[in-house]
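Notes for the one structure printed next.
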Amino acid sequence: MCRHVAFVGEPVALGELILRPEHGLLRQSWAPRTQNSGVVNADGFGVGWYAEGDPVPARYRRTGPIWSDLSFTDLARVVRSGALLAAVRGATVPGADGEAAAAPFAAGPWLFSHNGAVTGWPGSLEALAGTLSAGELLRVEARTDSALLWALALHRLRSGDAPGPALADTVREVAEAAPGSGLNLLLTDGSLIAATAWGNSLWYLRGPDRVVVASEPYDADPRWQEVPERTLVTATRADVTLTPLKEPSA
């Protein structure tokens, strides 16, 4: 299991969203409130952020727990961004591929994270993996369920699908192949956030200077809204749209 957060808004220091809040990802790494499997997310962490004028995000990823990385604490104090995606990792298979397995995954302008686990991994997704080209499979960053989910979603994005449908169709396809999977997916290009609530908690906050989509609230702001289970979220600073996701057999 994992916890993740995406933000688009007026530029802030990374630490203002990840480390400083009372219940930010730092605390969620050892004391999540609404996580339905596991209690510690110490198998790595990562953050991706966008610099002004550059559509390709930078990433900082590590294999250890976020609380042990003093270099990140210093970096997060001074680096500012108007958009980011960050995650703390609780591995489906502990130790798999180290830093390469830590979200966010990236391609072009996109950052991606997965909160959950695919049941029956890896056998349950053998058929879906076969729908990708040899080149796509060779570029998968890690031998994990999350990395393959990203490859499946990215295939749809590169085929012209909009972010929301790309995530929704990936979730439905994987849920049919591996019933009972946790498939909370999170995606951003620095201006739009798309996410799914499928098997774990998801919340959003929209204020005058930001939109945030996260596994759970990082503070006590009363504007946080819980996303219903089986729902697609698409969010910008101007609007948040919730769309029900149908079961694969529906």
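The table that follows gives values for the structure above.
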quantity: Flag if LEU186 is modelled with pLDDT of 95 or more, part of a helix (DSSP H, G or I) and either under 22 Å from ARG3 (Cα atoms) or among the hydrophobic types (A, V, I, L, M, F, W, C) (or both); calculated: no
quantity: Qualifying residue in segment 20-42 (condition: closer than 30 Å to LEU138 by Cα, surrounded by fewer than 24 Cβ atoms within 10 Å (Cβ to Cβ) and at pLDDT below 90); calculated: yes
quantity: Criterion violated by ALA197 - all others in (1) crowded, with 24+ Cβ neighbours inside 10 Å; (2) over 17 Å from HIS4 (Cα atoms) satisfied; calculated: (2)
quantity: Boolean, ALA103 is under 20 Å from TRP49 (Cα atoms), assigned to a loop (DSSP other than H, G, I, E, B) and either under 13 Å from the mean Cα position of the chain (by Cα) or among the basic types (Lys, Arg) (or both); calculated: yes
quantity: Residue within segment 186-204 that is of a type in the set (D, E, K, R) and either in contact with a strand residue (DSSP E or B) (Cβ under 9 Å, 6 or more places away or on another chain) or closer than 25 Å to GLY53 by Cα (or both) present; calculated: yes
quantity: Close pairs from segment 56-69: first among the hydrophobic types (A, V, I, L, M, F, W, C), partner assigned to a loop (DSSP other than H, G, I, E, B) and crowded, with 16+ Cβ neighbours inside 10 Å, Cβ under 7 Å, at least 6 apart; calculated: ALA58/ALA51; ILE66/SER29; TRP67/SER29
quantity: Unmet criterion (only one of (1) assigned to a loop (DSSP other than H, G, I, E, B); (2) modelled with pLDDT of 95 or more; (3) charged (D, E, K, R)) for ARG143; calculated: (2)
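The values are calculated or read from the model by the stated rules, or taken from the named source; none is laboratory data. Here the structure is a predicted model, which means the values were calculated and not measured. Neighbour counts run over all protein chains shown; Cβ positions are idealised from the backbone, glycine included.
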